[in-house]
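The values are calculated or read from the model by the stated rules, or taken from the named source; none is laboratory data. It should be emphasised that the depicted structure is a prediction, and the values quoted were computed from it without experimental measurement. In this analysis, Cβ positions are derived from the backbone assuming ideal geometry, glycine residues included, and neighbour counts consider all displayed protein chains. For accessibility, only protein heavy atoms count, side chains too; no ligands or nucleic acids. Shrake-Rupley method; radii C 1.70, N 1.55, O 1.52, S 1.80 Å.
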Amino acid sequence: DLITANQNTVGVRIPNSETAKAILNHFGPMVVTSLNISSEPPILKFYDTLKFEHEVDYIVQGNDLLGVASTVYDPMNHKTLRQGEVIIE
């Protein structure tokens, strides 16, 4: 319930950021949430993450995203919830 927010599903976020991929390759899969509030647009610029520096444990500086957030895939229902740079076939 903690991981799924009391839902019966889970989304899989698939980034195309070299920084995010390097962290995942080093540590393996992670259970995380978005930095932004779900009703707000995704945060694409590193500078915009700094307003959360007192609310999170770590902020890792990477390159700004090019206007496309990560792909979010629902493996339970076999559908893409948000299309990002990574294409699910």
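Conditions: (1) under 25 Å from THR4 (Cβ atoms); (2) of a type outside the set (Ser, Thr, Tyr); (3) open to solvent by 90 Å² or more (accessible area, probe 1.4 Å). GLU89 meets all but one. Number of the miss? Going through the list (1) under 25 Å from THR4 (Cβ atoms); (2) of a type outside the set (Ser, Thr, Tyr); (3) open to solvent by 90 Å² or more (accessible area, probe 1.4 Å), GLU89 breaks only (1).
Within segment 23-45, the set of residues being at pLDDT 90 or above and within 14 Å of the chain's Cα centre (by Cα) comprises ILE23, LEU24. Scanning segment 37-44 for any residue that is assigned to a strand (DSSP E or B), surrounded by 10 or more Cβ atoms within 10 Å (Cβ to Cβ) and not hydroxyl-bearing (Ser, Thr, Tyr) turns up nothing. Exactly one residue out of THR80, THR49 is closer than 17 Å to SER17 by Cβ, of a type in the set (Ser, Thr, Tyr) and not in a loop (DSSP other than H, G, I, E, B): that is THR49. Annotation note: Cβ proximity below 7 Å between a residue of segment 1-28 that is basic (Lys, Arg) and a residue that is surrounded by 13 or more Cβ atoms within 10 Å (Cβ to Cβ) (sequence gap 6+ or interchain) occurs for ARG13/SER70; ARG13/VAL72; LYS21/PRO15. Would a scan of segment 43-65 turn up a residue that is among the basic types (Lys, Arg) and in contact with a strand residue (DSSP E or B) (Cβ under 8 Å, 6 or more places away or on another chain)? No, because not a single residue in segment 43-65 is among the basic types (Lys, Arg) and in contact with a strand residue (DSSP E or B) (Cβ under 8 Å, 6 or more places away or on another chain). Test LEU2 against the stated conditions and say whether it is aliphatic (A, V, I, L, M), loosely packed, with under 10 Cβ neighbours inside 10 Å, modelled with pLDDT under 80 and at negative phi. Spelling it out, LEU2 is indeed aliphatic (A, V, I, L, M), loosely packed, with under 10 Cβ neighbours inside 10 Å, modelled with pLDDT under 80 and at negative phi.
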